[in-house]
Amino acid sequence: MPSLPNGSNVSNVATDLLDAADKQIPILGLNARRKFFHGLAVAMFVPGIALDPAFTHLSFSVAFALFTFLEYIRYFAIYPFGAAVHLFLNEFLDHRDSGTAILSHFYLLTGCSGSVWLEDPSKILLYTGVLTLGVGDAAASIIGRRLGLRKWSPTTNKTVEGTLAFITSVFGSALLLRFCGLTDSFRYLRYLLAVVISGLLEALSDQNDNLTLPLYMWSMLVAFGV
């Protein structure tokens, strides 16, 4: 029988593959690459939540399991896909990503799916993750970078204009869902208050928005009895 490589050899091969992949990464707009997936989340998840929340719940769980499997392949550089997966995921990292595990895609998926997994009877709450990340966070980033003039503080790139874009886009999207009959009636002023508070969190916190923002807004909506 052929001899299997020991742990040291496997680690060395994995390191070589990942280093080679890093050198091939193209220089593209990081923000554009990341926000593309936020927009994709809206297109993919809103119809699922509207038409079949139970199946969407299951689909999110399967996707999370698949992400875990792919991260295992990437981390150990398992041939022939390890280097390719690493190369793809490494294009979306920013200063908040640290450590050996790449978790940004887990955070985005968890942020979008958390409000579905929590299974609140109010249908508007099921859209919380998709609206805060796919619409609000993306709008805040794009508007803030292109049109933002007034920063919240000298130590941050977050702008007042970006926060206003977050609040307007999330609340407007919720009203659009109601107008299209994709959600039940809800208390608009309380919803707006939760959006405003969440917008301030997005502006003033340096945590990973993909994970903290939707869970925080969901908590506010529940607390306010939307």
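The values are calculated or read from the model by the stated rules, or taken from the named source; none is laboratory data. Since we're looking at a predicted model, the values are computed, not measured. Virtual Cβ from ideal backbone geometry, glycine too; neighbours counted across all protein chains shown.
For the stretch 111-154, give me each residue that is assigned to a helix (DSSP H, G or I), surrounded by fewer than 22 Cβ atoms within 10 Å (Cβ to Cβ) and small (Gly, Ala, Ser).
Gly114
Please tell me if Pro154 is within 30 Å of Phe55 (Cα to Cα) and not β-branched (Val, Ile, Thr).
No, not satisfied.
Scan the stretch 127-143 and tell me whether some residue there is touching a Phe, Trp or Tyr at 6+ places or on another chain (Cβ under 6 Å) and within 18 Å of Ala50 (Cβ to Cβ).
Yes, that holds for at least one residue.
Residues of the stretch 99-110 being more than 13 Å from Phe45 (Cα to Cα) and part of a helix (DSSP H, G or I), which ones?
Ser104, His105, Phe106, Tyr107
Quick one: in the stretch 79-89, which of the residues that are more than 21 Å from Gly134 (Cα to Cα), assigned to a helix (DSSP H, G or I) and not aliphatic (A, V, I, L, M) is modelled with the highest pLDDT?
As a first pass, look at the stretch 79-89 and keep what is more than 21 Å from Gly134 (Cα to Cα): 79-87.
Remaining after also requiring assigned to a helix (DSSP H, G or I): 82-87.
Applying the additional criterion that residues be not aliphatic (A, V, I, L, M) yields 82, 86.
Numbers: Gly82: 86, His86: 83.
Applying the filter and picking the extreme gives Gly82.
Which of (1) within 26 Å of Trp218 (Cβ to Cβ); (2) β-branched (Val, Ile, Thr); (3) surrounded by fewer than 13 Cβ atoms within 10 Å (Cβ to Cβ) is the odd one out, the single condition Val46 does not satisfy?
Of the numbered conditions (1) within 26 Å of Trp218 (Cβ to Cβ); (2) β-branched (Val, Ile, Thr); (3) surrounded by fewer than 13 Cβ atoms within 10 Å (Cβ to Cβ), the odd one out for Val46 is (3).
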